[in-house]
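Novice: Pasting in a structure now, in structure tokens, and then I'll have a few things to ask.
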Amino acid sequence: MIFKTAAYSTNVEGLITTGASTTGETSSQYLNIDEGSMKGIEVEVDYFLNENHTIKANYNYLKTENKSTGAELAFKPKHKMDIGLESEFGDGWSTYLSANYIGSQMDTSAQKVSGYTQFDFQIQKELFENTTIRLGMDNITDKTFDDGEPYELKRRFTYVGLNYKF
């Protein structure tokens with residue numbers, strides 16, 4: 001088992017973020033916040049079921065603040081959690097299946113938006129040294145997240161990739 005943890009605290013002057021439009025339109029606009037802070041903790045665990053299968057879990061707690069107003073920053077969820085199963089099948093084949101939870105968060109109108117869970121899958125084959133091909137699908141269940149601009153959850157997305165490390 002591998003266990004990692006990190007704590008962080010960041011203060012940012014001149015933070016650019018998104019906010020509700022002041023022109024009465026339904027869209028959002030970029031805003032400059034005089035000072036913002038982000039503090040959190042991240043915990044990661046890799047648990048080896050056997051030599052071929054590993055469960056990977058990650059949890060992140062985040063507390064944000066607009067120092068001028070005391071409000072939370074938009075689109076910064078307090079809780080995020082990922083859990084996945086990585087499997088090696090020999091002959092260069094491997095897979096990764098994951099569930100990713102994004103907790104509730106504030107939108108640009110300071111309204112709380114519900115959390116959601118997304119599932120992803122990838123299969124990979126090592127063709128030869130330093131070269132792999134992969135096929136995957138993100139957001140398998142085609143989860144939608146309708147909160148308007150600027151945040152958008154990608155719809156179901158399938159991809160093919162060829163990686164070469166040099």
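Novice: Specify which of the listed residues (Asn52, Asn32, Asn58) is more than 24 Å from Tyr101 (Cβ to Cβ) and modelled with pLDDT of 95 or more.
Specialist: Asn52
Novice: Additional query: Working only within the range 83-100, note down all residues that are more than 19 Å from Asn130 (Cβ to Cβ) and polar (S, T, N, Q).
Specialist: Within the range 83-100, Ser87, Thr95, Ser98, Asn100 meet the criteria.
Novice: Taking the criterion of being farther than 30 Å from Gly40 by Cα, open to solvent by less than 30 Å² (accessible area, probe 1.4 Å), hydroxyl-bearing (Ser, Thr, Tyr) and part of a strand (DSSP E or B), would at least one residue in the range 115-131 satisfy it?
Specialist: Of the range 115-131, the ones farther than 30 Å from Gly40 by Cα are 123-131.
Cutting the leftovers down to open to solvent by less than 30 Å² (accessible area, probe 1.4 Å) gives us 131.
From what is left, the residues that are hydroxyl-bearing (Ser, Thr, Tyr) are 131.
Filter again for part of a strand (DSSP E or B), leaving 131.
The answer is yes, given that some residue of the range 115-131 is farther than 30 Å from Gly40 by Cα, open to solvent by less than 30 Å² (accessible area, probe 1.4 Å), hydroxyl-bearing (Ser, Thr, Tyr) and part of a strand (DSSP E or B).
Novice: Now for a different question. Does Phe121 satisfy being touching a Ser or Thr at 6+ places or on another chain (Cβ under 9 Å), hydrophobic (A, V, I, L, M, F, W, C) and either within 14 Å of Phe75 (Cβ to Cβ) or modelled with pLDDT of 90 or more (or both)? Walk me through it before giving the result.
Specialist: On the way: touching a Ser or Thr at 6+ places or on another chain (Cβ under 9 Å): yes; hydrophobic (A, V, I, L, M, F, W, C): yes; either within 14 Å of Phe75 (Cβ to Cβ) or modelled with pLDDT of 90 or more (or both): yes.
Answer is yes for this residue.
Novice: When you look at Met81, is it under 15 Å from the mean Cα position of the chain (by Cα), within 25 Å of Thr117 (Cα to Cα) and either open to solvent by 40 Å² or more (accessible area, probe 1.4 Å) or modelled with pLDDT of 85 or more (or both), yes or no? Even if it seems obvious, please write down each step before you answer.
Specialist: Details: under 15 Å from the mean Cα position of the chain (by Cα): yes; within 25 Å of Thr117 (Cα to Cα): yes; either open to solvent by 40 Å² or more (accessible area, probe 1.4 Å) or modelled with pLDDT of 85 or more (or both): yes.
Taking the combined requirement at face value, the residue satisfies it.
Novice: Restricting attention to the range 135-142, does a residue exist that is in contact with a Ser or Thr (Cβ under 8 Å, 6 or more places away or on another chain), open to solvent by less than 70 Å² (accessible area, probe 1.4 Å) and in a loop (DSSP other than H, G, I, E, B)?
Specialist: Looking through the range 135-142, none of the residues is in contact with a Ser or Thr (Cβ under 8 Å, 6 or more places away or on another chain), open to solvent by less than 70 Å² (accessible area, probe 1.4 Å) and in a loop (DSSP other than H, G, I, E, B).
Novice: While we're on this one: Taking the range 61-114 only, how many residues are over 20 Å from Asn139 (Cα atoms), of a type outside the set (Val, Ile, Thr) and part of a strand (DSSP E or B)?
Specialist: Adding up the residues that qualify gives 11.
The values are calculated or read from the model by the stated rules, or taken from the named source; none is laboratory data. Treat the numbers as computed from the prediction; the structure is a model and nothing was measured. In this analysis, Cβ positions are derived from the backbone assuming ideal geometry, glycine residues included, and neighbour counts consider all displayed protein chains. Note: accessible area is taken over every heavy atom of the protein model, side chains too, but ligands, DNA and RNA are not part of it. Shrake-Rupley method; radii C 1.70, N 1.55, O 1.52, S 1.80 Å.
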